[in-house]
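What follows is a single structure, written as structure tokens, with notes after it.
Each reported figure results from applying straightforward, stated rules to the coordinates on display, with no laboratory input. Model, not experiment: these values are computed from the prediction. Every residue, glycine among them, receives a Cβ derived from its backbone with ideal geometry; neighbour counts consider all protein chains shown.
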Amino acid sequence: MKSDTQLRADIQAELEWDPAVTSANVGVIVNHGVVTLTGHLGSYAEKLAVEQAVQRVSGVKALAVETSVKLAAGLERTDADIAQAVGHALEWNVQVPRNAVQPMVEGGWVTLTGEVEWDYQRQAAESTVRNLLGVTGITNLVKIRLQVCSADVERQVQDALIRVFHDEPRQVAVDVHGSQVVLRGKVRSWAEFEAVRGAAWSAPGVVSVVNELAVEA
């Protein structure tokens with residue numbers, strides 16, 4: 001098990017190694033495996049890159065994000081400019097159904113609303129926006145239209161987990177309540193955490209996933 005000092009050193013090394021992270025203004029605090037990030041980032045895309053870099057490091061139990069986006073002088077955009085750019089970006093993304101997602105911008109923060117059929121479409125809308133200049137944050141309120149409410153959902157999720165883990169046993173329990181999937185248990189890393197979550201979202205008919213998994217030290 002890593003000490004907090006070693007974990008902090010590994011996180012800082014990962015941040016320095018990642019070419020998508022260019023800012024040195026990231027504070028890293030580690031307390032019993034719980035990582036807190038502080039400071040200002042130059043873009044929302046870089047803020048996400050920092051969070052993803054930390055999650056790749058073995059030994060991270062939980063992550064508290066206290067960073068914010070502070071645009072460099074001359075890179076500011078009006079909300080009208082950002083809204084126009086977001087609208088064009090969504091229109092040009094073939095994974096986002098036309099006119100299904102509506103953006104609203106306030107203070108550089110983009111809120112997405114609307115309704116789509118699949119989670120990948122919901123995620124595609126968000127990923128389209130995150131790299132646009134001037135965006136300081138995103139709230140994704142896009143809903144998934146209920147297609148199927150089937151007793152087969154639990155089986156489909158369990159089959160997906162078997163494919164993810166290559167038949168290796170895991171302490172993952174899957175409970176299905178209508179169109180909602182609840183995940184409980186333990187995984188070994190953030191990568192497995194995200195893999196389980198992705199497998200649950202990929203099952204037809206799932207409109208929400210409650211992820212109560214814990215990452216083992």
Restricting attention to the range 8-68, which trypsin sites (Lys or Arg not before Pro) occupy a DSSP loop and are surrounded by at most 12 other Cβ atoms within 10 Å? none
Rg/Rh ratio calculated on Cα atoms of the range 152-215 (Kirkwood radius): 0.92
What length, rounded to one decimal in nm, is gained on full extension from Glu106 through to Ala9, with 0.36 nm per residue of separation minus their alpha-carbon distance? 31.2 nm
Decide, for the chain, between rounded, prolate and oblate: order the square roots of the alpha carbon gyration tensor eigenvalues as a ≥ b ≥ c, take rounded if a/c falls under 1.5, and otherwise choose prolate if a/b is larger than b/c, else oblate. oblate
So which lysines pass the test for Lys61, namely a Cα distance under 29 Å, with those fewer than 8 places away in the same chain ruled out? Lys2, Lys47, Lys70, Lys186
Percentage relative contact order, the chain, counting C-alpha pairs under 8 Å, at least six apart: 16
Give the relative contact order (percent, whole number) for the range 152-215; include only Cα pairs under 8 Å separated by 6+ residues. 37
Which is the longest run of the chain containing none of the GluC sites (Glu not before Pro) found in DSSP loop states (not H, G, I, E, B) with at most 16 other C-beta atoms within 10 Å? 118-215
Explain nothing, just compute: Karplus ³J(HN,Hα) = 6.51 cos²θ - 1.76 cosθ + 1.60, θ = phi - 60°, for every residue of the range 25-36 in order, whole Hz, x for Gly and Pro. 8, 10, x, 10, 10, 10, 9, 6, x, 8, 9, 10
Gyration tensor (Cα only) of the range 30-92 to equivalent ellipsoid, semi-axes in Å sorted down, yields 31, 14, 8
At what distance in angstrom do the alpha carbon centres of the range 1-35 and the range 86-128 lie from each other? 32
Over the chain, the sum of -39500 (n - 2.57) across DSSP H runs of at least four, divided by residue number and rounded to 500 deg cm²/dmol, gives at 222 nm -11500 deg cm²/dmol
